[in-house]
Amino acid sequence: MVDKKETKNVGKKTKKSVHKKKINKKAELKKVKAVIRGKSKHWFKGRFGQRPLRRPSIGKWQKWRFPHSIDANFKKEDGPTPSTGWRTPKSIRFRHPSGFYEVIVNNIQQVEQSVKEKHTAVRIGANVGKRKRIQIIEKANELGVKVLN
């Protein structure tokens, strides 16, 4: 037979278990940050590779575009082509370098909703004015949410 005292304590959480969860979250974020710092971004050369037609100073040339047409052959000296092996690891995909997931916010209600999700930081939208921006920052500080901009 099972004692009544044992069945009562099964569902209860102790203070120690809650404290360990908080430490684990911080440790998890530290690990994610370390992985993000160690990951270097590779630039795929785009259509014309290292030929003089491409100007690397312009950002639009740094995006991979598949070489279409007969005249735009992609040669080995043009660099590597992207494949599934270049994808970002799942643990750091869509994360900010600080280790948080970004949520774009335009009003105070969206800040309150972002608190419910794990490991989120708030980025205030570009079309938000000065007065509302100050209100959003104050609300985020109250709730303990990190503001990225």
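The values are calculated or read from the model by the stated rules, or taken from the named source; none is laboratory data. Computed from a prediction, not measured in an experiment: that's the story for all the values here. Here Cβ is always computed from backbone atoms with ideal geometry, including for glycine, and neighbour counts include all displayed protein chains.
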Completion exercise
Taking the range 86-125 and keeping only residues that are of a type in the set (Ser, Thr, Tyr) and either in a loop (DSSP other than H, G, I, E, B) or out of contact with any helix residue (DSSP H, G or I) (no Cβ under 8 Å at 6 or more places or on another chain) (or both), one is left with Thr88, Ser91, Ser98, Tyr101, Ser114
Exercise for the section: Quickly run through the range 126-149 and pick out the residues that are in a loop (DSSP other than H, G, I, E, B) and within 21 Å of the chain's Cα centre (by Cα). Expected result: Ala126, Gly144, Val145, Leu148, Asn149
Practice task
Determine whether the range 62-85 contains at least one residue that is in contact (Cβ under 8 Å) with a residue 60 or more places away in the chain and either in a loop (DSSP other than H, G, I, E, B) or over 19 Å from the mean Cα position of the chain (by Cα) (or both).
Solution key: no
Practice task
Please identify the pairs in which a residue from the range 132-149 that is under 12 Å from Asn107 (Cα atoms) and modelled with pLDDT under 95 has its Cβ atom under 6 Å from the Cβ atom of a residue that is charged (D, E, K, R) and surrounded by 14 or more Cβ atoms within 10 Å (Cβ to Cβ), counting only partners at least 6 apart or on another chain.
Solution key: none
Handout entry: Near pairs, Cβ below 6 angstrom, 6+ apart or cross-chain, from the range 89-102 (under 13 Å from Lys31 (Cα atoms)) to any residue that is at pLDDT below 90 and part of a loop (DSSP other than H, G, I, E, B)
Key = Phe100/His119
Exercise for the section: Sort out which residues of the range 73-119 are of a type in the set (A, V, I, L, M, F, W, C) and either exposed (fewer than 13 other Cβ atoms within 10 Å of the Cβ) or within 30 Å of Gln135 (Cα to Cα) (or both), and write them in order of number. Expected result: Trp86, Phe94, Phe100, Val103, Ile104, Val105, Ile108, Val111, Val115
